[in-house]
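Heads up, the thing below is written out as structure tokens.
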Amino acid sequence: MTATDETTSPSLSPRVAIQKIGTSLSTMVMPNLPALIAWGIITALFMPAGYLPHEGLAGLIGPMIHYLLPLMIANTGGRMVYGERGGVVAVIATMGVITGSDYLIDQINAADPGGEPLGQIHMFIGAMMMAPLAAWVMKKLDRLWEERIPAGFEMLVNLFSAGIVGFLLALAGFFGLAPIVNWLMALLSDGVAWLINAGLLPLVSILIEPAKIFFLNNAINHGVLTPLGTGESSQTGKSILFLLEANPGPGLGILLAFTFFGARAAKASAPGAAVIHFLGGVHEIYFPYVLMRPQLILAVIAGGMSGVLVNVMLGTGLVAPAAPGSVLAIMAQSARGDHVKILLSILVATAVSFAIASLLLKLSRRTDNDLAGATAKMESMKGKKSSVAGALTGADGSTAAAGAAGAAGAGAAGGRGIAESDQELRAIAADHPDDIRRIVFACDAGMGSSAMGASVLRKKVRAAGFKDVEVVNRAISNLTDEWDLVVTHRDLAQRAYAPTAGAIHVAVDNFMNSPRYEEIVDLLKRREAGEADPEPVGPAPADAPAEASAAPAAERAAPADGSTAVGEVDQSADAAGSGEEGAGEPIMAARSITLHGTATTAEEAITESGRLLVEAGAVDPDYVDAMHEREKSVSTFMGNGLAIPHGTNEAKKSIRRSAMSLIRYDQPVDWNGQEVEFAVAIAGQGDEHLTLLQNVAMVFSDPDQVERLRAAETEEEILAIFGTD
């Protein structure tokens with residue numbers, strides 16, 4: 001198999017495809033589980049058969065499960081695809097699905113008044129289907145007109161386009177998706193009912209237990225069991241479906257068997273793993289033990305079937321999902337009167353799993369226990385580093401060494417590295433085979449440096465034909481772990497690494513003409529062509545500090561999601577002082593241009609350029625102090641003789657309006673070892689200055705245009721070069 005095959009084949013694997021679906025479903029559901037748990041507590045306490053029946057508080061049960069929870073899932077799913085803007089459209093569209101489902105059920109009940117009325121179907125699956133689709137549609141439509149919106153009409157277009165698209169998608173959900181989801185839910189419900197009535201429900205463990213080992217359970221759990229179980233619980237007060245996957249007994253039996261009959265590292269680590277599994281609810285910690293001895297899958301299946309059988313016989317269930325699968329969480333969600341019965345099912349599952357696993361271990365002649373290798377295999381199947389692997393590989397001295405080596409390799413594969421050269425970029429990129437579609441430039445304030453760099457790289461990316469690759473900028477303080485590739489100044493690289501664990505990281509020391517830009521474009525071309533990343537010529541990059549990590553991007557046409565597009569400033573900071581003072585003033589006026597600066601040092605140049613902003617009425621005097629403070633953290637030298645001094649993120653409260661000033665120096669100023677001929681100071685409050693800032697970036701990336709700036713004899717010529725005349 002070639003390196004290219006290794007890179008591309010996982011996308012064709014059914015297991016990987018199901019894992020990705022499960023991960024997407026899990027990502028939508030998991031953040032909202034606290035609301036589902038809260039609903040479970042309310043149901044257990046205040047429903048008519050609850051611990052504290054209360055007619056008024058019981059009124060929360062129906063609206064929460066029918067409207068609140070699906071809409072929360074929809075918002076999360078929309079934000080996954082397209083930030084806050086996607087979340088809003090997803091919620092509107094999902095409301096159409098919910099209403100459409102209710103309407104169809106009302107029509108069916110009205111057509112058969114003598115039959116058993118159908119109950120409401122809670123649109124968990126509808127939300128998980130509609131939300132990503134709606135956000136994706138909004139994202140694609142925004143791209144059609146993002147560069148065609150006339151200046152000043154951005155807000156009007158963005159607001160009305162989202163409202164109209166949301167309206168149309170709500171209609172599509174009402175008439176199109178709602179009937180499909182109703183049919184699907186009815187089919188799944190009938191299937192589960194048939195299994196229960198036929199006494200065959202324990203057989204689902206044949207599917208669920210191996211699926212857990214291969215990390216396929218999320219698709220089953222969040223895609224089927226949680227929606228069906230929630231619907232059943234809302235009608236009967238509990239559901240056995242919540243116990244099919246959450247029962248910790250099968251895994252506990254495996255770990256106890258290794259505790260008594262294992263060898264070496266596996267025996268030493270099993271007791272601690274059992275505590276984490278049973279009380280912490282982290283089931284994946286027992287997966288490596290099964291992978292070491294694949295025949296043990298029989299033990300977990302038998303244990304799972306036994307636990308389900310006991311629950312079926314005793315009629316037990318949980319009020320809401322138990323997350324994580326800890327015995328403590330299970331007890332908290334157990335229906336009234338079912339606590340002892342459910343504990344019995346866990347005990348039986350543990351005993352059966354332990355008995356079979358112990359027998360298999362004693363019959364096996366193998367004494368080797370490659371726990372580190374099995375853990376690495378588990379992480380490979382999971383697709384990322386396990387958060388609990390250290391509890392296994394650090395069990396004893398020998399395994400600790402292997403674990404350290406494995407952790408180092410997994411760390412590199414997880415994005416532990418910051419590329420400052422072509423060979424480092426290739427080495428890091430080789431461990432990130434996924435497509436690169438979202439690139440973010442990060443700097444301290446998200447105002448100037450990152451906007452300039454984003455403009456330059458975006459132009460190169462577009463020129464290479466990559467119209468769907470987003471290049472945006474953002475303040476480091478607003479980074480989240482959602483980007484494919486992160487670019488920042490080398491002095492800020494470690495700060496940007498921390499909140500963005502999953503991305504490729506690239507550090508530059510010149511925002512205008514860094515060679516890293518061409519290397520990033522080359523990387524995009526290789527990925528587009530399906531080519532493997534070439535092996536680095538030199539050593540791989542050292543791992544970044546433990547506190548560092550990586551992140552994804554946002555959309556230019558969606559300022560509501562908190563991200564910023566090319567040349568776009570992060571608008572999440574304090575917007576104080578955004579009144580009408582200075583309204584109508586140009587971003588860069590002739591009076592804010594000095595053709596012959598007098599400063600001889602970088603500090604003097606910052607003060608000189610900041611004073612022009614103060615005199616223009618754009619900033620308060622303390623903004624100049626913030627400009628000096630910003631320079632202490634990282635240089636604002638951009639390359640090609642340009643520096644763009646500006647304030648810190650916290651200083652935005654001192655900005656009255658967006659403005660820029662320019663000073664040209666006849667004798668270059670020493671700017672931390674670099675020669676600066678032009679200082680362009682920036683005060684960005686909203687996004688009014690961004691078009692001009694893009695023009696500045698384009699001018700300074702063109703040597704001929706820089707020469708024109710040097711030769712300009714009037715302020716008007718400067719403005720003409722920047723396209724503001």
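The values are calculated or read from the model by the stated rules, or taken from the named source; none is laboratory data. Predicted model, so just to flag it, every value in this text is computed and none were measured. Note that we place each Cβ from the backbone using ideal geometry, even for glycine, and neighbour counts take in every protein chain shown. When the accessible area is computed, the model is the full protein with side chains, heavy atoms only, and any ligands, DNA or RNA have been set aside. Shrake-Rupley method; radii C 1.70, N 1.55, O 1.52, S 1.80 Å.
Whether any residue in region 243-263 is touching a Gly at 6+ places or on another chain (Cβ under 6 Å) and of a type in the set (A, V, I, L, M, F, W, C) is what I want to check.
There is at least one residue in region 243-263 that is touching a Gly at 6+ places or on another chain (Cβ under 6 Å) and of a type in the set (A, V, I, L, M, F, W, C).
With Val97, Val89 as the choices, which residue is assigned to a helix (DSSP H, G or I) and farther than 23 Å from Leu36 by Cβ?
Val89
Take the residues in region 436-445 that are farther than 17 Å from Ala498 by Cβ and at pLDDT 80 or above, then tell me which one is most open to solvent (accessible area, probe 1.4 Å).
The qualifying residue most open to solvent (accessible area, probe 1.4 Å) is Arg437.
Six or more apart or on different chains, Cβ under 9 Å: which pairs go from a residue in region 616-632 that's under 15 Å from Ser592 (Cβ atoms) and assigned to a helix (DSSP H, G or I) to one that's open to solvent by 20 Å² or more (accessible area, probe 1.4 Å) and of a type outside the set (Ser, Thr, Tyr)? Could you list them?
Tyr623/Val614; Val624/Arg611; Val624/Val614
Just a yes or no: is a residue in region 204-218 open to solvent by 50 Å² or more (accessible area, probe 1.4 Å), under 19 Å from Ser353 (Cβ atoms), outside any helix (DSSP H, G or I) and out of contact with any Cys (no Cβ under 8 Å at 6 or more places or on another chain)?
Yes, region 204-218 has at least one match.
Condition check: on the phi < 0 side of the Ramachandran plot, touching an Asp or Glu at 6+ places or on another chain (Cβ under 9 Å) and at pLDDT below 75. Does Val634 satisfy that?
Yes: the conditions hold for Val634.
Filter region 113-151 down to the residues that are without any contact (Cβ under 8 Å) to a residue 24 or more places away in the chain, assigned to a loop (DSSP other than H, G, I, E, B) and open to solvent by 70 Å² or more (accessible area, probe 1.4 Å) and list them by number.
Pro113, Gly114, Glu116, Pro117, Leu118, Glu147, Arg148, Pro150 - these are the residues of region 113-151 that are without any contact (Cβ under 8 Å) to a residue 24 or more places away in the chain, assigned to a loop (DSSP other than H, G, I, E, B) and open to solvent by 70 Å² or more (accessible area, probe 1.4 Å).
Looking at (1) over 30 Å from Asp481 (Cβ atoms); (2) in a helix (DSSP H, G or I); (3) in contact (Cβ under 8 Å) with a residue 12 or more places away in the chain, can you tell me which one Glu84 breaks?
Tallying (1) over 30 Å from Asp481 (Cβ atoms); (2) in a helix (DSSP H, G or I); (3) in contact (Cβ under 8 Å) with a residue 12 or more places away in the chain, Glu84 fails exactly one: (1).
Give the residues of region 352-364 that are of a type in the set (A, V, I, L, M, F, W, C), open to solvent by less than 60 Å² (accessible area, probe 1.4 Å) and farther than 17 Å from Met305 by Cβ, sorted by residue number.
Answer for region 352-364, where residues must be of a type in the set (A, V, I, L, M, F, W, C), open to solvent by less than 60 Å² (accessible area, probe 1.4 Å) and farther than 17 Å from Met305 by Cβ: just Leu361.
Does region 335-351 hold any residues that are outside any helix (DSSP H, G or I), open to solvent by less than 10 Å² (accessible area, probe 1.4 Å) and either modelled with pLDDT under 90 or within 27 Å of Ile297 (Cβ to Cβ) (or both), and which are they?
Ala335
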